[in-house]
Amino acid sequence: MTCLYIYIYIYITISVIQYMTVYLKTQTTWLHLYQNSMGGSHNVAVIGAGVAGLVAARELQNEGHRVVIFEKSDKLGGIWVYDPQVESDELGFDLSREIIHSSVYKSLRTNLPRVLMEFSGFGFADREFGDPRTFQGHEEVLRYLNDFATRYGISDLIRFESEVIRVERVGDRLDRWVVEWQAKEEGGRVKLEQEVFEAVVVCNGHSTVPRVARVPGIEKWPGKQTHSHNYRVPEPFHNQVVVIIGNGASAYDISRDISKVAKEVHVSSRSPTAKFSKLDHYHNIWQHSSIADAKEDGTVEFDDGSSVQASIIMHCTGYKYECPFLNTNGIVSIDDNRVGPLYKHVFPPELGPCLSFVGLPQKILIFDAMELQSKWIARVLSDKVRLPEPKKMMEDVLEYYEQMKLLKRPKHLTHYLLNPDEYLDCLAAEAGISPLEDWRKEVYRETVKNIENQQDGFRDV
């Protein structure tokens, strides 16, 4: 009898293992088939009416999809909508603060020439809205975006003053997503609404929530701290000694802008080539290495041995990626500015193509990248091109993460691309369309070189 029981037990165990193996293979195959057989026209929610949301809407419409854009403000344009207001907590620590979306300052001009800040079929170089400069002001970009939205009927798709507070799958279906939002009504009342869509494209931007540098001793330093997100005009810095942390475009621009009124401006950079020196052509701007210590008497000491008695520290240190409305039960998460896992920074392997992201990569031809991402998403949804199997997509993501480790690149640089040209070509290939013209990439490389070399006046050449 004992042997019989053992035999039955082994038989049942083997049968269960075989059944589960077949079941899991079936589920994986079904998921792959489903993800690659969307086809037809779909109801798609686009979160955000900035640059990414507008071009995503156009490409989705071009493929015959039905689009609704949710925008929490009363204007389109995202970060390009200048707002003179700043936040009550200028470092963004207070979660109860009223969040100002835009980080645009009054004097801001684009880092890229207008010919690289346009969408295909709607050139910027041959349009002029009052600012004909090659590197135009932010107002010109906003006018271009409004004209673009009007030309392609996108404005009519936008639900303004509708802040999305929840995006979540309905049950286990890949093609059912509930979008819940707060709609402002007359009299300031807020109405909670929701609707189910077959796909969601996240285009909420990533230049709003400040990312702040870690400064030794800052908790006892008595001066004021702020972040470039809350910089608008130089006047509040009149006769002040200001330390700016950062080595990017905003640190470059703002240091020059406030030097017109500030007593002294000291730019602190982690760059290995940074050393204590006075900048040519400026009587009151100095370059320093990283901050070593901030002291209780107001002194700021730098690694290069120099020090200064400062009244203000401004963090020009970038932003955090955030999607507080998105609930995927942990499938997609944000860890130290890594949004993932995402195949090519666009599709979550387990949830694509019904969930996707536009505009995450940085250090790239951003208008072109967003358009290529949008074309890819739209064409996958209409079944003109197909995604790899989820397993293959995940393997690609993990391989990218491993490459970052080998290069000793920190996690928060996941979406800062080392080879933007290769990525743009990859997007075009995935979407099944022609790659970008080489001259666009060349103009971009030359422009970036001028920015990185901090070539004064490069916008006016």
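List the residues whose amide H sits under 5 Å from the amide H of Glu264, counting only those 5 or more places along or on another chain, with H placed 1.01 Å from N in the peptide plane.
Gln240, Val241, Val242
Counting DSSP beta bridges in the chain, what percent are antiparallel, to the nearest 5?
On the way: 31 of 65 bridges.
Rounded to the nearest five, the antiparallel share is 50 percent.
Mind ranking Glu59, Glu195, Glu296 by accessible surface for me, highest first, 1.4 Å probe? Write down the numbers at each step before the final one.
On the way: Glu59 10, Glu195 65, Glu296 135 Å².
Ranking Glu59, Glu195, Glu296 by accessible area, largest first, yields Glu296, Glu195, Glu59.
Give the accessible surface of the range 304-461 per residue, rounded to a whole number of Å², with probe radius 1.4 Å and ligands, DNA and RNA excluded.
Numbers: 7210 Å² over 158 residues.
I get 46 Å² per residue for this part.
Given the range 308-415, report the % of alpha carbon pairs whose separation exceeds 16 Å. Display every interim value, and only then the final one.
Values: 3746 of 5778 pairs.
Result for the distance tail: 65 percent.
So what's Rg/Rh here for the range 297-370, counting alpha carbon atoms and using the Kirkwood radius for Rh?
Numbers: Rg = 19.1 Å, Rh = 15.7 Å.
Using Cα coordinates only, the ratio equals 1.22.
Could you tally the net charge around Trp181, taking each other residue with its Cβ under 15 Å from the Cβ of Trp181, Lys/Arg +1 and Asp/Glu -1? Display every interim value, and only then the final one.
Numbers: positive: Lys72, Arg159, Arg166, Lys184, Arg189, Lys191; negative: Glu71, Asp74, Glu161, Glu163, Glu168, Glu180, Glu185, Glu193, Glu195.
Taking every Cβ under 15 Å from that of Trp181, the sum is -3.
Given the DSSP H assignment, sum -39500 (n - 2.57) over each helix run of at least 4 residues in the chain and divide by its residue total; what's the result at 222 nm in deg cm²/dmol, nearest 500? Can you show the working numbers first?
On the way: 8 runs with 130 residues, N = 461.
Here the helix-only value at 222 nm equals -9500 deg cm²/dmol.
DSSP loop (so not H, G, I, E, B), at most 11 other Cβ within 10 Å: list which chymotrypsin sites (Phe, Trp or Tyr not before Pro) in the range 93-129 pass both filters. Show your work: numbers first, answer last.
Numbers: sites: Phe93, Tyr105, Phe119, Phe122, Phe124, Phe129; in loops: Phe93, Tyr105, Phe124, Phe129.
Here the chymotrypsin sites (Phe, Trp or Tyr not before Pro) that fit, given the DSSP loop and packing criteria, are Phe93.
Can you return the lysines within cross-link range of Lys384? Criterion is Cα-Cα under 26 Å, with same-chain partners fewer than 8 residues away left out.
Correct list for Lys384: Lys25, Lys344, Lys375, Lys392.
Quick one: with all protein chains in place, what share of the accessible area of the chain is carbon or sulfur, to the nearest percent (1.4 Å probe)? Provide the component values of the computation, followed by the final result.
Details: 11790 of 22590 Å².
Taking all protein chains in place, the chain shows 52 percent carbon and sulfur surface.
For the range 262-291, which chymotrypsin sites (Phe, Trp or Tyr not before Pro) are both in a DSSP coil and crowded by at most 15 other Cβ atoms within 10 Å?
Values: sites: Phe276, Tyr282, Trp286; in loops: Phe276, Tyr282.
Passing sites in the range 262-291 are Phe276, Tyr282.
Please give the Cα centre distance for the range 198-248 versus the range 307-331, rounded to the nearest Å.
A separation of 8 Å, based on Cα centres.
What angle do you read, to the nearest 10 degrees and between 0 and 90, between the alpha-carbon axis of helix 438-452 and the longest principal axis of the chain?
For helix 438-452, the angle is close to 50 degrees.
Find out how many positive minus negative residues lie around Lys384, taking Lys and Arg as positive, Asp and Glu as negative, among other residues whose Cβ is under 14 Å from that of Lys384. Working shown, then result.
Details: positive: Lys375, Arg379, Arg386; negative: Glu59, Glu63, Asp383, Glu430.
Spelling it out: positives minus negatives among the neighbours equals -1.
Over all Cα pairs of the range 220-357, how is the pair count split among 10 Å bins, expressed in % and running from 0 up to the last occupied bin?
For the range 220-357, the pair-distance distribution reads 11, 35, 22, 16, 14, 2.
Could you provide, to the nearest whole Å², the per residue accessible area of the range 45-169 with probe 1.4 Å? Intermediate values should be presented prior to the final figure.
Numbers: 5260 Å² over 125 residues.
Result: 42 Å² of accessible area for each residue.
Hey, what do the phi angles of the range 354-361 turn into as Karplus ³J(HN,Hα) couplings, whole Hz, using 6.51/-1.76/1.60 and θ = phi - 60°, x for Gly and Pro?
6, 10, 8, 10, 10, x, 6, x
Where does helix 420-431 land angle-wise versus the long Cα axis of the chain, in degrees 0 to 90, nearest 10?
Helix 420-431 sits roughly 30 degrees off the main axis of the chain.
Once Rh is set to the Kirkwood radius over Cα pairs, what Stokes-Einstein translational diffusion coefficient, in µm²/s, holds for the range 93-226 at a temperature of 4 °C and a viscosity of 1.567 mPa s?
Working: Rh = 19.2 Å.
Translational D for this selection: 68 µm²/s.
Nearest 10 degrees is fine. How inclined is helix 51-62 to the longest principal axis of the chain, computing both from alpha carbons?
40 degrees
Take every Cα-Cα distance within the chain, group them into 20 Å bins from 0 onward, and report for each bin the whole-number percent of pairs it holds.
22, 52, 22, 4, 1
Going through the range 410-453, which GluC sites (Glu not before Pro) have at most 13 other Cβ atoms within 10 Å and a DSSP loop state?
On the way: sites: Glu422, Glu430, Glu437, Glu442, Glu446, Glu452; in loops: Glu437.
Sites meeting the loop and neighbour criteria: Glu437.
Non-local amide H neighbours of Leu326 (under 5 Å, H modeled in plane, Pro and chain starts lacking H): which ones?
Val167
Within 11 Å, Cβ to Cβ, of Asp460, how many net charges do the neighbouring residues add up to if Lys/Arg are +1 and Asp/Glu are -1? Don't skip to the end; give the middle numbers.
Working: positive: Arg109, Arg133, Arg459; negative: Asp456.
Net local charge, Asp460 excluded: +2.
Would you report the distance distribution of C-alpha pairs in the range 157-261 as whole percents per 5 angstrom bin, up to the bin with the largest distance?
2, 8, 14, 13, 11, 9, 8, 12, 12, 6, 3, 1, 0
The values are calculated or read from the model by the stated rules, or taken from the named source; none is laboratory data. Keep in mind the model is a prediction, meaning the values are calculated, not measured. As a convention, Cβ positions derive from the backbone with ideal geometry for all residues, glycine included, and neighbour counts pool all protein chains shown. The accessibility values were calculated without ligands, DNA or RNA, using every heavy atom of the protein model including side chains. Shrake-Rupley method; radii C 1.70, N 1.55, O 1.52, S 1.80 Å.
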